[in-house]
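The values are calculated or read from the model by the stated rules, or taken from the named source; none is laboratory data. The structure presented is a predicted model; accordingly, all values stated were derived computationally and were not measured. Backbone-built Cβ (ideal geometry, glycine too); neighbour counts: all protein chains shown.
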Amino acid sequence: MTDVNDPAEPDQPEVTAGGNRWIYDHCPLCGATIPSDTSPGFADRDGGTVEFRCCAECHTLFPAGANEVDDAGAETTRQADYHRDLWGDVNLEQLDLLASTASQLAWEMAEHLPPPSASEAILDIGAGRGNILHSLARLGYPARGCEPSSFLCQVARAAYLLGPEVLANTDAETYLSRVEATGTPVSGFVIWHVLEHVRDPLPLLRRCARIGRTATYFIELPVAQDEDIFPEHLFFPTPASLVRLADELRLSIEHLSVTEDRRLRVFYRGRDPEVVDLADEGDAATAAGIDLAAIEAAYRALSPVFAHFVPDRAGGDDGASADDLDVEVEKAEIGTGGGGR
Ligand SMILES: [Zn+2]
């Protein structure tokens, strides 16, 4: 990912303290310096413990880790190898289950998209085994995408007969450069369990914003809880991170939730510069009528890491770290003024 105009772009120096290795010293979503306050160890997927830091501006959570990978290209290779190993023994039964879940998801996405006949391209960035691509195509959407792992592309081609013109075996940066160069109109981006694997996600999202100005973004992320804490998850955005990101990228929030299967999901839409948007006058959560405190409570219930850094203030805790967040202050003001929008 190279974008010389992006202040958050330069390779971030790795910080080592007390045997911990910190990949980030600045938050890759909001650019703020990450405080050096370190949490106690929290249980990870593999039976170990991992210490965390937290962005004071947007509450993104950063695990410590033994990360030997220093550049973005090597990171993409490492991530592709990881997913090949994880899904190497995939069988038809699993693929059927995935297809069923993806089919349900495609119907939910369709509620946020123009009808298939009026839709421009839907791009699945990091399409994995191709199940979402396939489900969107079955609804009639012109869906295509990219996947850096050649193994996963082979699985997708075998399972769903996806040709290289539909699923390109390449990384997101190369793929989006190509899309941008050809001027392909885009109605939607699917970024499903991908951002947390990307060392520097903001340039990728900014490029998407240039390609599809009023496109819909379908994004899902893991929650910082034991089963999802492992070295390939480089950081964990929280509900407030996603509100902050919407303002940063001038996106409207169409949906924000912690799902029943314990993931963090956000659907954004690019704000049309021709249309006056409520979000331009305040924060994206307020404009969308999002109850951020309730969503954070749901996240907190799943994530002891989040509870550590952003305790529940209603529960009598001082919760000083939550006071840094303008969104919550704004929300409180609206609550007392009775001006629900
Ligand atoms: Zn941040």
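Pairs are defined by a Cβ separation below 7 Å, a sequence spacing of at least 6 or placement on different chains, a first member in the stretch 166-183 that is without any contact (Cβ under 8 Å) to a residue 24 or more places away in the chain, and a second member that is surrounded by fewer than 21 Cβ atoms within 10 Å (Cβ to Cβ); the pairs so defined are Asn169/Ser150.
Screening Gly183, Gly212 for residues that are farther than 30 Å from Glu51 by Cα and in contact with a Phe, Trp or Tyr (Cβ under 9 Å, 6 or more places away or on another chain) leaves exactly one candidate, Gly212.
The stretch 158-256 holds helices (runs of 4 or more DSSP H) entirely within its bounds, and those carrying 2 or more residues that are in contact with a Cys (Cβ under 8 Å, 6 or more places away or on another chain) map to 172-182, 239-249. Scanning the stretch 168-191 for residues that are aromatic (Phe, Trp, Tyr) and crowded, with 23+ Cβ neighbours inside 10 Å yields one hit, Phe189. Selection of first residues in the stretch 301-324 that are modelled with pLDDT under 75 and of second residues that are surrounded by fewer than 18 Cβ atoms within 10 Å (Cβ to Cβ) and β-branched (Val, Ile, Thr), restricted to Cβ pairs under 9 Å at least 6 apart or on distinct chains, gives the following pairs, ordered by first then second residue: Asp323/Val329.
For the stretch 20-38, a residue qualifies if it is more than 18 Å from the chain's Cα centre (by Cα) and either more than 16 Å from the ligand (Cβ to nearest atom) or among the β-branched types (Val, Ile, Thr) (or both), and the qualifying residues are Asn20, Arg21, Thr33, Ile34, Thr38. In the set (1) under 14 Å from Leu205 (Cβ atoms); (2) buried (at least 21 other Cβ atoms within 10 Å of the Cβ); (3) not aromatic (Phe, Trp, Tyr), the condition left unmet by Leu256 is number (1). Can you find a residue that is of a type outside the set (D, E, K, R) and at positive phi anywhere in the stretch 106-127? The answer is yes, given that some residue of the stretch 106-127 is of a type outside the set (D, E, K, R) and at positive phi. Taking the stretch 51-71 as the range and being under 12 Å from Pro231 (Cα atoms) and either at pLDDT below 95 or near the ligand (Cβ under 10 Å from one of its atoms) (or both) as the test, the residues that pass are Phe62, Ala64, Gly65, Ala66, Asn67, Glu68, Val69. With the requirement that a residue be more than 11 Å from Thr60 (Cβ to Cβ) and either modelled with pLDDT of 95 or more or assigned to a loop (DSSP other than H, G, I, E, B) (or both), what does the stretch 10-25 give you? Those that are more than 11 Å from Thr60 (Cβ to Cβ) and either modelled with pLDDT of 95 or more or assigned to a loop (DSSP other than H, G, I, E, B) (or both): Pro10, Asp11, Gln12, Pro13, Glu14, Gly18, Gly19, Ile23, Asp25.
Taking the stated definitions as given, is Leu202 over 20 Å from Gly128 (Cβ atoms), touching a Leu at 6+ places or on another chain (Cβ under 8 Å) and within 16 Å of the ligand (Cβ to nearest atom)? Answer is yes for this residue.
Rundown of residues vs (1) within 25 Å of Pro201 (Cα to Cα); (2) touching a residue at least 24 places away in the same chain (Cβ under 8 Å); (3) among the hydroxyl-bearing types (Ser, Thr, Tyr), yes/no style:
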{"site": "Leu97", "(1), (2), (3)": "no, no, no"}
{"site": "Ser100", "(1), (2), (3)": "no, no, yes"}
{"site": "Leu105", "(1), (2), (3)": "yes, yes, no"}
{"site": "Glu120", "(1), (2), (3)": "yes, yes, no"}
{"site": "Asn131", "(1), (2), (3)": "yes, yes, no"}
{"site": "Ser135", "(1), (2), (3)": "no, yes, yes"}
{"site": "Tyr141", "(1), (2), (3)": "no, yes, yes"}
{"site": "Ser187", "(1), (2), (3)": "yes, yes, yes"}
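Entry remark, the stretch 218-232: residues being within 12 Å of the chain's Cα centre (by Cα) and either of a type in the set (Val, Ile, Thr) or within 16 Å of the ligand (Cβ to nearest atom) (or both) number 3 in total.
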